[in-house]
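Beneath this line is the structure, given in structure tokens, with notes to follow.
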Amino acid sequence: RSKMSHGRGALIVLEGVDKAGKTTQCKKLVNALIESGRPAEIMRFPDRTTQIGQLINAYLEKKSNLEDHVVHLLFSANRWELEPLMRKKLEQGISLVVDRYAFSGVAFTSAKPGFSLEWCMKPDVGLPKPDLVLFLQLHPLDAAQRGQYGSERYESSDFQKVVLQRFEQLMKDKSLNWQVINAAKSIEDLHAEIKSHSETAITVAEFQPIGKLWK
Ligand code: NYM
């Protein structure tokens, strides 16, 4: 690889409410990293291609109903089933750019009545710890301006407001490298900022062991 580096890759997570531009930015970031000689791959959660992912997909598309605890645990199981692969890639020196992770898991379930942040975090404790969590900050009014929400579960502005509050609670955890980015700016400006944070994180992570999330 270039830059004579032999360390592990970095785990870079993009989070934010729906419509913040995470998917667009993940793709642009991976392309930019590869172009600059840094091996990188994209991942997303939920990964709807696995058997567990298909259960989640049917739930999100409202083709099935699942009890709220059950669906929370399925989202977490979907991350754990990919954990060995993530670890392997990171150890091979490949940085992973991940579209949503355990933070979405906690923010969305804990936005439902009767779910504490603490309970929601438990199943994801010990997953690979992100070296960088980019939070694409978008005011609910700006999100609404980007057009109609889709027809999937959770896609309503009232629910998304509570989700944003839960994300803000999670961001108080200073043991994680949260970087809050204003997602209202242009795609290119947003990309430049995300790329710069990511390059720093890759350099810092290289010769550090992979951490454990919330542990
Ligand atoms: N979601 C995503 C959860 O409720 N829990 C999770 O653990 C994760 C990763 O699924 N509305 C929710 C957030 C989104 C939806 O949407 C997935 P998308 O467009 O595939 O990112």
Quiz item: Which angle between 0 and 90 degrees, to the nearest 10, do you get for helix 51-60 versus the longest principal axis of the chain when only C-alpha atoms count?
Solution: 50
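Work out, in µm²/s and without decimals, the Stokes-Einstein translational diffusion coefficient of the stretch 13-72 at 10 °C, 1.306 mPa s, Rh from Kirkwood over C-alpha pairs. Intermediate values should be presented prior to the final figure.
On the way: Rh = 13.6 Å.
It diffuses with D of about 117 µm²/s by this estimate.
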Quiz prompt | Angle between the chain longest axis and helix 68-91 axis [Cα atoms, degrees, rounded to 10] | solution = 10
Quiz item: In what sequence do ILE210, ILE181 fall when counting other Cβ within 10 Å, fewest first?
Solution: ILE210, ILE181
Quiz item: Can you list the aspartates and glutamates whose alpha carbon is less than 19 Å from that of LYS174, not counting same-chain residues fewer than 8 positions off?
Solution: GLU15, GLU118, ASP124, ASP131
Practice problem: Enter the angle in degrees (range 0 to 90, nearest 10) between the Cα long axis of helix 22-35 and the first principal axis of the Cα atoms of the chain, meaning the one along which they spread out most. | Solution: 10
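What length, rounded to one decimal in nm, is gained on full extension from SER157 through to GLU91, with 0.36 nm per residue of separation minus their alpha-carbon distance? Don't skip to the end; give the middle numbers.
Details: separation 66, 0.36 × 66 = 23.76 nm, distance 3.97 nm.
Once the chain is fully extended between SER157 and GLU91, it gains 19.8 nm.
So which GluC sites (Glu not before Pro) in the stretch 115-160 pass both tests, a DSSP loop state and at most 13 other Cβ atoms within 10 Å of the Cβ?
On the way: sites: GLU118, GLU152, GLU155; in loops: GLU152, GLU155.
Hits after loop and neighbour filter: GLU152.
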Practice problem: Using only Cα atoms, locate the centre of the stretch 127-175 and the centre of the stretch 60-80, then give the distance between them in Å, rounded to an integer. | Solution: 18
Quiz item: Does the stretch 62-215 come out rounded, prolate or oblate, given a ≥ b ≥ c as the square roots of the eigenvalues of its C-alpha gyration tensor, rounded meaning a/c under 1.5 and, failing that, prolate meaning a/b above b/c?
Solution: oblate
Practice problem: Could you tell me which of rounded, prolate or oblate describes the stretch 59-133, using a ≥ b ≥ c as the square roots of the eigenvalues of the alpha-carbon gyration tensor, with rounded for a/c under 1.5 and, failing that, prolate when a/b is larger than b/c and oblate otherwise? | Solution: prolate
Exercise. Could you give the spread of the C-alpha atoms of the stretch 1-147 along their three principal axes, from largest to smallest, in whole angstroms?
Key: 51, 37, 28
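Within 10 Å of each residue's Cβ, count the other Cβ atoms and sort TYR101, TYR154, TYR59 from fewest upward. Don't skip to the answer; put the middle values down first.
Numbers: TYR101 24, TYR154 16, TYR59 19.
Going from sparsest to densest Cβ surroundings: TYR154, TYR59, TYR101.
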Quiz prompt | Whichever lysines have a C-alpha closer than 16 Å to that of LYS185, once near sequence neighbours (fewer than 8 apart) are set aside | solution = LYS19, LYS22, LYS28, LYS195
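Readers should treat all values here as calculations from the given coordinates under stated rules, not as data from a laboratory. Everything numeric in this text was worked out from a predicted model, so none of it was measured. Here Cβ is always computed from backbone atoms with ideal geometry, including for glycine, and neighbour counts include all displayed protein chains.
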